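The numbers here are math on the coordinates, done by the rules we state, and not lab data. Since the model is a prediction, treat every value here as computed from it, not as a measurement. Note that each Cβ is placed from the backbone with ideal geometry, even for glycine, and that neighbours are counted across all protein chains shown.
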């Protein structure tokens, strides 16, 4: 197979698609980039195939697309910030609906917010790993100016608040749940928003 990375010919003799992927990935990393897609003989390759490439040829020519690693991380952080913004709005709306005794209307909003939080946590974890940042040394200033808190501290605090939300939900303690969503989880959204901003700054420097 002929193998191209961003229109640059890497080889004309890759024996398998797995070999082609390895060549493209290695060349991309050497340029500070990551492979994000591929086409074989003009047809797009599924992400699953790209992640687990077969040890056989898929065609005559493979063309790989790559993106600058920092750009990819920056894009992911921008998307995470938007997800967090929506999650914050959803959890706030859920709290207000619960206070108005409209629990059935609140639950979809709460479910959406919890899904958003999971996506934000996953993105932060992936970006920290991609930037090769130590979790115990990545820190931002506390909101009250009393020092700094590390990512590990923030992850622990968020896990604790989410556990409280789930306990209140499981026990139908609507008053406690409404307060958690209105205040505690709102504070978490502010803190994680600051963290995403800090990570964006770090990504621009590396």
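Each 10 Å bin, from zero up to the one with the longest distance, holds this percent of the alpha carbon pairs of the chain: 8, 27, 22, 19, 15, 7, 1. For residue 142 and residue 85, what is the calculated FRET efficiency with R₀ set at 22 Å and r taken between the beta-carbons, to the nearest 0.05? Given R0 = 22 Å and the Cβ-Cβ separation, E is 0.50.
Enter the mean projected area of the convex hull around the alpha-carbon atoms of region 1-95, in nm², rounded to one decimal.
7.4
Assuming R0 = 41 Å, can you tell me the calculated FRET efficiency for the pair residue 119 and residue 31, based on Cβ-Cβ distance, to the nearest 0.05? Efficiency at R0 = 41 Å is approximately 0.90. Report, as a whole number in µm² per second, the diffusion coefficient that Stokes-Einstein gives for region 45-131 at 10 °C and 1.306 mPa s using the Kirkwood radius over alpha carbon pairs. Rounded, D is 99 µm²/s.
Distance from the C-alpha centroid of region 185-206 to that of region 6-32: 35 Å, rounded to the whole angstrom. Helical runs assigned H by DSSP (4 residues or longer) give the chain a calculated mean residue ellipticity at 222 nm of -20500 deg cm²/dmol, each run adding -39500 (n - 2.57) before division by the residue total.
Distance between the modelled labels on residue 107 and residue 18, one decimal in nanometres: 4.7 nm (7 Å Cα→Cβ projection). Against the longest alpha carbon principal axis of the chain, how many degrees, from 0 to 90 and to the nearest 10, is the axis of helix 103-130 turned? Relative to the chain, helix 103-130 is tipped by roughly 50 degrees. Region 82-201 has equivalent-ellipsoid semi-axes of 28, 14, 12 Å, by the square roots of 5 times the alpha carbon gyration tensor eigenvalues, sorted largest first. Maximal additional length on extending the residue 52-residue 100 stretch stands at 12.2 nm, based on 0.36 nm per residue less the C-alpha distance. Each residue, residue 157 and residue 78, gets one label point 7 Å from its Cα in the Cβ direction; the gap between the two is 2.8 nm. Taking a point 7 Å from the Cα of residue 2 along the Cα-to-Cβ direction, the residues of region 11-31 with backbone N closer than 17 Å to it are 11-17, 20-21, 24.
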